[in-house]
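Report on the structure given below.
Each reported figure results from applying straightforward, stated rules to the coordinates on display, with no laboratory input. None of these values were measured; they are calculated from a predicted model. Cβ placement follows ideal geometry from the backbone for every residue including glycine, while neighbour counts extend to all protein chains displayed.
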Amino acid sequence: MKLFYLICILILIGGLSFAEGRLLRGRVTDAESGHGLVSAFIALEKNATTSDSLGFFTLELSTQARLLNVSLVGYEPAVVAVGSMPIDGLIDIRLQRRIMVVSDAVLISAKRNYSDSQFSAYSETVPTALRTVKGLAMVRRGSFAEDPSLRGVDGSKLGVTIDGMKIFGACTDRMDPVNSYVERENLARLEVSKGAFDLNRGQAIGGTINLVTDRPSFARRISGYSEVGYESVADYRYGRSVLNIARDDLALRGSFSFRQADDFRPGRRAPIENSAYAKYNFKVDVSKKYVGHQLDVGVLSDRAWDIGYPALLMDTSKARSHLYHVGHVWKRPQSALHMLRTKLYFSRVDHWMDDMERDVGQREVMPDMHMPMYGQTHTGGLIANALFLGADSTLELVVDWYHLRSFADMEMTSKLPEVPDMYLLNLGDVRRDHFAGAVNYNRAVFSTVEWRLNMRFDLARHDIHDPLGRNQLAATWGYGELAQRYATLSASTAVAYMLNNAAEIRLSVASSARLPTQIESYGFYLYNPTDGYFYMGNPTLRPERSRQVELAIRYGKERRRLSVSCYYNQLGNYIVGVGSGSVFKHYDHSDRAVIYGFELEGEWPVTEHVMLHLQTSYTHGHSADFAEPLPAIAPLDSRIGLRYERSQYGAALGMRRVGEQTRIASQTTLEDSTPAFATYDIYAHWRFIEKTNLTIAVENVADRFYHEHLSIANLPSPGRNVRMALHREF
């Protein structure tokens with residue numbers, strides 16, 4: 001009996017000891033090489049330790065602990081649920097190699113993440129997703145094809161790519177920015193790099209936006225989703241479907257969507273005439289796996305028609321694009337050359353615009369005359385990336401080449417019989433060859449310090465080949481100035497210091513260049529609605545120069561997150577329009593301009609199921625030569641939202657407050673001040689059947705009448721809008 005009691009006491013003591021703290025043993029390894037990682041920080045609630053020279057660790061596990069946080073300089077942090085770990089065995093935690101983050105990412109997936117930190121009913125279109133990025137505003141010319149502006153730099157000075165591939169709009173009035181040819185179901189995420197700190201994808205003084213498309217998945221034999229939706233503000237309706245088929249080492253992904261909208265209604269006003277549009281989009285990708293290799297082939301096609309632009313002189317009767325690519329990926333996880341990626345691509349964009357449905361007799365600009373225009377671009381290119389992995393460093397080499405051909409013309413047909421018809425060549429077979437090489441080096445200097453160096457060298461030549469186009473420009477600049485060659489060097493560097501396991505401070509500096517566009521160099525007789533002038537190209541333009549600095553602080557722990565960044569951008573050889581006649585301007589240089597500002601974003605848990613999200617951004621621009629503000633600078637923009645989430649349903653409330661903009665330009669353009677406004681949104685979703693979601697949102701609840709500062713001709717924004725969507729996965 002005494003022996004029995006003794007055994008019971010020992011079992012009880014052991015059970016109490018186990019309840020108070022079990023031992024968790026594991027190893028932290030490199031996900032690619034499998035090597036153990038030394039000095040990794042492992043935290044479990046209030047208990048913490050570091051891994052030894054071989055990556056092993058031991059940690060006391062309390063019954064209340066739920067999440068294990070693992071971090072190491074040079075690697076992406078990992079969070080592992082305790083309930084998923086085998087306590088009795090040795091757990092293996094694999095960390096992915098990290099390249100210093102200098103960009104923002106907006107995730108867009110087939111399976112919606114309803115707990116996304118951004119307050120958004122969800123990103124139904126690409127512009128909707130882009131608007132969630134702090135510091136990014138959209139230029140509106142109508143309901144369709146909004147054009148991004150990043151930190152006060154407009155779309156012509158940004159680099160917008162699709163999976164890193166260069167594609168150029170065909171419209172000389174920017175009615176077809178690159179993002180207008182991509183739909184949400186095409187995309188996996190948006191990568192937004194602000195400023196000139198990421199030079200891998202192209203020259204940049206304002207930043208780059210990379211539209212990363214979704215790829216075929218090998219995870220399941222058949223998967224996908226379908227969705228239908230409706231929005232009341234323009235009787236907008238859409239449908240989209242995605243199908244993914246996989247078998248062994250072969251996978252195919254296809255997507256299709258159709259969208260159509262009538263004239264939209266601003267707040268408390270009648271519908272804006274001539275603001276409707278319709279379009280469809282499809283994308284097909286095939287991936288084939290071999291041992292250590294993967295081959296990818298794909299096509300992205302988009303077509304839109306009957307697009308009204310109430311803020312412009314003309315509308316788009318038809319626009320279409322085709323993008324083809326063939327890619328190859330080679331991986332060797334155990335070698336220094338970890339990955340080699342190569343991609344060949346070709347794109348063609350066609351754009352037709354006209355004013356046949358307009359009353360041109362009442363128009364102030366070119367009255368009684370129809371002016372149909374056609375534009376076309378062809379782009380072919382090669383991108384090659386080589387990634388080398390060292391013990392505490394990464395090295396990426398990039399080769400980027402493309403060839404561009406641009407053409408645009410206009411017919412001028414008068415309604416008056418005594419006025420003869422005319423023909424203008426706006427872009428006369430302009431050709432550009434552009435070659436670039438980039439180096440991106442990341443190194444963990446100390447256990448708490450990372451360093452990044454990014455350099456890029458660009459060589460380019462361009463010329464105008466059509467005889468009529470050459471004659472038009474040679475009358476002003478001479479034949480000897482038409483062909484131009486450029487060679488530029490850009491560089492950026494950044495240092496990140498880990499204050500602790502949750503906080504990081506980063507200092508980045510850059511010096512970069514941007515080559516003139518084909519329109520800035522060779523455009524002829526192009527009307528600009530922002531100032532009412534006709535613009536002429538200038539083939540003697542030099543590259544723009546930029547010197548930038550940014551200080552950023554990021555904090556993230558469990559469900560709390562905060563980021564603050566301040567930036568300064570000094571621009572030289574800034575390309576602007578300079579008057580050369582009563583109604584004419586030509587592109588020339590301004591010696592100096594500056595842009596600076598700040599951005600803040602945070603998220604905090606209010607309760608277990610309620611999150612508070614805050615975002616604000618401000619940009620200040622000034623032209624030293626003209627002694628006035630830079631044009632098209634968005635005012636202070638702030639957003640605050642509360643989100644409630646449960647497993648089957650959720651809801652959110654949001655407010656956006658935009659300050660007035662009284663800092664306006666009067667010499668380089670004609671803009672007016674914009675009053676402040678505030679809008680309110682509500683949103684709810686319900687998963688009422690497994691894999692089936694119903695979403696309902698009301699935007700601009702108060703039906704406020706307002707317009708954004710970047711809206712051309714003060715085009716008003718949509719009024720109260722009820723959005724509904726039904727989403728079914730399979």
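Which Cα, out of 187, 694, 55, lies furthest along the positive dipole direction of the chain (beta carbon charges, K/R +1, D/E -1)? The Cα lying farthest towards the positive end belongs to 55. Here's the picture: charge each Lys and Arg Cβ at +1 and each Asp and Glu Cβ at -1 in the chain, and of 207, 486, 275 the one pushed furthest to the positive end of that dipole is 207. Note on the stretch 207-266 and the stretch 367-398: Cα centroid distance 23 Å, given to the nearest whole angstrom. To the nearest ten degrees, helix 467-477 and the longest principal axis of the Cα atoms of the chain are 90 degrees apart. May I ask you to list the lysines whose Cα is less than 20 Å away from that of residue 134, ignoring any residue fewer than eight positions away on the same chain? Cα-Cα hits under 20 Å: 157, 194. Between 0 and 90 degrees, the angle of helix 2-20 with respect to the longest Cα principal axis of the chain falls at about 20 degrees.
Under a model in which nothing but the beta-carbon of Lys, Arg (+1) and Asp, Glu (-1) is charged, the chain shows a dipole of about 2420 debye around its Cα centre. With a cut-off of 11 Å on the backbone N, no residue of the stretch 362-376 is near the modelled label site 7 Å out from residue 418 along Cα-Cβ.
When 591, 285, 176 are arranged by Cβ crowding within 10 Å, least crowded first, meaning fewest neighbours, the order is 591, 285, 176. Ordered by the number of other Cβ atoms lying within 10 Å of each residue's own Cβ, fewest first, 521, 414 fall into the sequence 414, 521. Computed over the Cα atoms of the chain, the ratio of the radius of gyration to the Kirkwood radius (Rg/Rh) comes to 1.00. The modelled label-to-label distance between residue 475 and residue 356, using points 7 Å beyond Cα along the C-beta direction, is 2.9 nm. The label-point distance for residue 23 and residue 651, in a model that sets each label 7 Å from Cα toward Cβ, rounds to 5.1 nm. Legend: calculated FRET efficiency, residue 495 to residue 557, from the Cβ-Cβ distance at R0 = 35 Å, rounded to 0.05, equals 0.95. Here the stretch 681-729 is treated with +1 on each Lys and Arg Cβ and -1 on each Asp and Glu Cβ, and its dipole about the Cα centre works out to around 160 debye.
For residue 331, the aspartates and glutamates whose Cα comes closer than 12 Å to its Cα, not counting residues fewer than 8 places off in the same chain, are 32. For the pair residue 301 and residue 606, a Förster radius of 41 Å applied to the C-beta separation gives a FRET efficiency near 0.35, rounded to the nearest 0.05.
Nearest 0.05, what FRET efficiency do residue 235 and residue 60 give at R0 = 60 Å with Cβ-Cβ as r?
On the way: r = 62 Å, r/R0 = 1.03.
Working from the Cβ atoms, E equals 0.45.
Taking each DSSP H run with n ≥ 4 as -39500 (n - 2.57) and averaging over every residue of the chain yields -1500 deg cm²/dmol at 222 nm. When peptides 718-728, 577-587 are ranked by their average number of other Cβ atoms within 10 Å per residue, the highest-first order is 718-728, 577-587. Think of the stretch 103-729 as a dipole: +1 on every Lys or Arg Cβ, -1 on every Asp or Glu Cβ, centred on the Cα centre; then among 475, 600, 667, 600 lies furthest on the positive end. Measuring spread by the Cα atoms of the stretch 368-465 yields a radius of gyration and Dmax of 24.0, 80 Å. Put simply, when 701-708, 538-545 are sorted by average Cβ atoms within 10 angstrom per residue, most first, you get 538-545, 701-708.
Computing Rg and the Kirkwood Rh from the Cα coordinates of the stretch 599-651 gives a ratio, Rg/Rh, of 1.31.
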